[in-house]
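Just so it is clear, none of the values below were taken in a lab; they were calculated from the coordinates. Small disclaimer: the values here were computed from a predicted structure and weren't measured. Because the Cβ atoms are built from the backbone with ideal geometry, glycine has one as well, and the counts that use them run over all protein chains shown.
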Amino acid sequence: MTEILNIFYLFFIFNLIGFYNLSKNSLSIKITHNTLLFLNLALFFSLIKNSSQYFLSIYILLSILIGIILFKKKASFKNIKSIFFENKIYFFLLLFVFLILSIDIISKLKLGWDAQNFIFLKTLHFLNGKPFLSLVELDQPHYSHLGSYIWSIFWNNGFFNNEYNGRLFYLYFFLISLFSFCSHFDNKKIFIIAVLGFVLLFYKYKYFFGSQEILNFSLFLILSSTIYRRVYLNKKVSFIEIIFLINLFMWFKNESIIMLFIIISYFVLFSKNLISLKEKLFITFSTLFLFSLRLIVYFYIESEIVRNTPLFDYQFEKTFSINLQILIDNFKIVTYYFAGHIFLNPFLLLNYLVMIYFIIFSKTNHIMFKPFIIFIIIFHTIFTYVAFMFNFYDVKFQTQVAMDRFLISTCGIYSLVYLIIYNEFKLKNDTQNI
């Protein structure tokens, strides 16, 4: 019973992060934006000693203050009240799914290998109020620290203190990114079916046992929604939103940076008039600037880390001494597990089947979307082979245990196809009904 109370309490706390300053026309998107703001501020405060002890409290107090200011205005009160009534399906469905999955997570309490050996140690580091600079004392200090910091700030802020409080925020972030994505299915029944179907196909406990792949996947879902709004619906996307999103890609997993560069390179170099020249320049310089900041942190400020632990875990000595037979063998191993994990994972399998359908049969009016999806598939596949063929001493073992999480971490961008196909069918039906 206490655990159930804790889940409801955490759900309330998480909502305080995302549910203030609501927009009547884009509730789920606004909630996602507020959460992105929270995560970017968390990144800044993670550089400050002992900040995990007070950051969340300060942020929630400010959220409540903003809420009080809004409630004092009669028009705003009526507006907020109408938002909750008009979106009651959203709120009840979010609570229902969060409750069910939270119960599953707290009933198992098993951490993954990476989480136990690297991420959890950083979580304890921040939980004990130690400074960012002393991360050099830990094993694999080059692993991104943001997920661990988020984990730590919620640890002591539940109905009772428990490590899983932070991992339940991972779940919440996944759900609001999913709800934001599915909100583009503007039919309520289709929205509910999409959310529940997505969760049933996707959810596995191992995606929530402490590793940061689920944070990556959630970012790619949000990016898919953003691209869809800007390019397909031709709606304005603020530069602040772009900055927040790009910045987070820099601080969860290294593979997210590579995938982000692949996606941005297409829109900047090959998309012609899909986005304006001003947007291309802004995205390019913002990405390079934020990437440079990360490099500065890890190469200059953390020079001790570079001396003691390589920034990237690629085995260059092995790469340079590799012969053709080893290369062929590694290629076969990666191909076997690449294909195997796709066929064994219903979510991944459906993704690839839908993309094949989209490429062959889709007649979308936006002719640049097919080249974009083909471009992403090609370079995502190349990236996968390079990452596993040259990265590990034991290619077979590492590919076997890590391929599934790697694909989940990087495949969220493919979800864009579902929205395009949905709109094609909707447009077709609307045309037939005229």
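Overview of values
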| quantity | calculated |
| --- | --- |
| Reduced Cα scattering model of the range 87-160, Debye log10 I(q)/I(0), q = 0.16, 0.19, 0.24 Å⁻¹ | -0.70, -0.86, -1.08 |
| Ratio Rg/Rh [Cα only; Rh per Kirkwood] for the range 2-233 | 0.96 |
| Residue-wise HN-Hα coupling along the range 38-54, computed from phi with Karplus coefficients 6.51, -1.76, 1.60 (Hz; x: Gly, Pro) | 4, 5, 5, 5, 4, 4, 5, 5, 5, 7, 9, 4, 6, 5, 5, 7, 10 |
| Net charge of Cβ neighbours under 11 Å - reference Ile420; Lys, Arg +1; Asp, Glu -1 | +2 |
| Distance between the range 161-199 and the range 243-296 - C-alpha centres, whole angstrom | 25 Å |
| Within-12-Å neighbourhood charge of Leu109 [Cβ basis; K, R +1; D, E -1] | 0 |
| FRET E, pair Gln116, Leu324, Förster distance 45 Å, beta-carbon r, rounded to 0.05 | 0.75 |
| Burial order of peptide ranges 198-207, 34-43, 232-241, 173-182 (average beta-carbon count within 10 Å, highest first) | 173-182, 34-43, 198-207, 232-241 |
| Radius 14 Å from Cβ of Tyr228, net charge of other residues (Lys, Arg +1; Asp, Glu -1) | +2 |
| Inverse mean reciprocal Cα-Cα distance (Kirkwood Rh) of the range 108-228, Å | 15.6 Å |
| ³J(HN,Hα) computed for each position of the range 350-358 - Karplus, 6.51 cos²θ - 1.76 cosθ + 1.60, integer Hz, glycine/proline x | 4, 4, 5, 5, 5, 5, 5, 4, 4 |
| 10 Å-binned pair-distance histogram of the range 168-291 (Cα, whole percent) | 12, 41, 33, 14, 0 |
| Student exercise, the range 2-233 dipole from Lys, Arg, Asp, Glu Cβ charges, in Debye to nearest 20 | 920 debye |
| Among Thr35, Tyr143, Thr123 the positive-end extreme of the charge dipole of the range 2-233 (Cβ point charges) | Thr35 |
